[in-house]
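Here the structure comes first, spelled out in structure tokens, and everything after it is commentary.
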């Protein structure tokens, strides 16, 4: 499990709600900040106010190891009510270097929805790289521990995914 290989993690949950209701929740970019242990705030940029391919939004993050940082994400896929994906970039050059393409992602996130069993199967996933990130900085300091560093980061991200999916499930299944 090496960073250049694009390590990834995912989790899914069955929600007793129609895909349209789940879609409404997962395309609210502020929603994950309510449940994530790391993402603190999110806001649209460039006068955007809803998801559209190419629309950008800013995230403010914090964790005990990396401290606080800002990201900018851009929507890469929007296929209602099936898939919503975005790529996260390092707008401030905090993580150094990066790919030649300034839009090369540090991570790519997505929600996938499928109707089934009287509700919706919701999957959230993340793939790291190819651009440099906080994981890259840790690997630079301890290259012999690359696999452990990547595994630890994926474990943290999976915990956030699980918390977000449980939050979406709770909200979607709540009577309106």
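Points worth noting:
- Residue in segment 46-62 that is modelled with pLDDT of 95 or more, in contact with a helix residue (DSSP H, G or I) (Cβ under 8 Å, 6 or more places away or on another chain) and not in a strand (DSSP E or B) present: no
- Some residue of segment 108-129 being closer than 22 Å to residue 5 by Cα and modelled with pLDDT under 95: yes
- Test: residue 95 is crowded, with 17+ Cβ neighbours inside 10 Å, touching a helix residue (DSSP H, G or I) at 6+ places or on another chain (Cβ under 9 Å) and more than 24 Å from residue 163 (Cα to Cα): yes
- Of the residues 78, 157, 113, the single one that is surrounded by 14 or more Cβ atoms within 10 Å (Cβ to Cβ) and over 21 Å from residue 42 (Cα atoms) is 113.
- Residues in segment 63-80 that are within 17 Å of residue 26 (Cβ to Cβ) and touching a residue at least 60 places away in the same chain (Cβ under 8 Å): 0 in all.
- Residue within segment 127-136 that is buried (at least 21 other Cβ atoms within 10 Å of the Cβ) and more than 20 Å from residue 71 (Cα to Cα) present: no
- Restricting attention to segment 111-142, the residues that are touching a helix residue (DSSP H, G or I) at 6+ places or on another chain (Cβ under 8 Å), over 22 Å from residue 89 (Cβ atoms) and part of a loop (DSSP other than H, G, I, E, B) total 1.
The values are calculated or read from the model by the stated rules, or taken from the named source; none is laboratory data. A quick note: this is a predicted structure, and the numbers were derived from the prediction, not measured. All Cβ positions, even for glycine, are placed from backbone atoms using ideal geometry, and neighbour counts span all protein chains on display.
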